[in-house]
Amino acid sequence: MPAKKTTTKKTTAKKPAQRLLYTSDKIHPTAFIHDRAFAYGDITMGEFSSLWPGVVARADMNAFVLGKYVNIQDNSTLHSDSRRGVTIGDYTLVGHNAMIHGCSIGRAVLIGIGSVVLDDAEIGDGAMITAGCMIRGGTKIPPRALVTPDGSSIKIFENKAKTAYTVAGSLEYVELAKRMQRGIWGPFSRAEEEAFFSRAKEIVAEMFAL
């Protein structure tokens, strides 16, 4: 007798859930969102701004507005509640593993690695929040202040920030985004670094009318 034919039931693999969308019409064409960054909700990104690997920008309850030349570095988180959004000014650099929640950050600000900025805090233009700072809710940081951790608190040194270094870093990240998209790796040359800093000094002078 011929062998009995067996039939196998075809199974259709479940499609992965579609990633939630962000407001792509508010993202400048020159902005860079890495494939491993997660952007949700009402987000505006200005020209040459960028979100790097592991970043979560979740604007599900209120709007986020990022200016031009802003970079949000690896594994940082942006969120807010329904009463307030997040605003980040031009040329601001947010370092790795930072937490930004329902606050206002000015132009040309450094948010150092691992720092936390909480609800209703306001960071003035040109300030430098060094690594590991906890900026508690409602705190007002003056423009161009240098902020350092001090145990469970912070120290504020007015007019001590080196803002040109922050802006130079933001300019570098524009070029890093371009390089990454072309698969180019390696350090910047001395001439390139000098050009970033020279341009940064001009930007700071214009920004603060120095």
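A short reminder: the numbers here are calculations on the coordinates, not readings from a lab. Predicted model, so just to flag it, every value in this text is computed and none were measured. Ideal geometry is used to build each Cβ from the backbone, glycine not excepted, and the neighbour counts take in all protein chains shown.
Structure notes:
- Sum of -39500 (n - 2.57) over DSSP H runs of 4+, divided by residues of the chain (222 nm, nearest 500): -6500 deg cm²/dmol
- Cross-link table Lys140/Lys160; Lys178/Lys201; Lys68/Lys201; Lys68/Lys140; Lys68/Lys155; Lys26/Lys162, entries beyond 25 Å C-alpha to C-alpha: Lys68/Lys155; Lys26/Lys162
- In order along segment 177-189, phi translates into HN-Hα couplings of 5, 5, 5, 4, 5, 9, x, 10, 10, x, x, 6, 6 Hz, rounded to whole numbers, per the Karplus curve 6.51 cos²θ - 1.76 cosθ + 1.60 with θ = phi - 60° and x for Gly and Pro.
- Of the beta bridges in segment 27-157, as assigned by DSSP with both residues counted there, near 10 percent are antiparallel.
- By the count of other C-beta atoms within 10 Å, a proxy for reagent exposure, Met134, Met45 are ordered fewest to most as Met134, Met45.
- Exposed loop sites here are trypsin sites (Lys or Arg not before Pro) assigned a DSSP state other than H, G, I, E or B and surrounded by at most 10 other beta carbons within 10 Å; excluding them, the longest clear run of the chain is 84-210.
- Principal-axis analysis of the Cα atoms of the chain puts helix 190-208 at an angle of about 60° to the longest axis.
- Residue among Thr77, Thr163, Thr23 with the largest mean-square fluctuation in a Gaussian network model of the chain, springs linking Cα atoms under 10 Å: Thr23
- GNM top mover of Ser82, Ser104, Ser115 - the chain, alpha-carbon springs below 10 Å: Ser82
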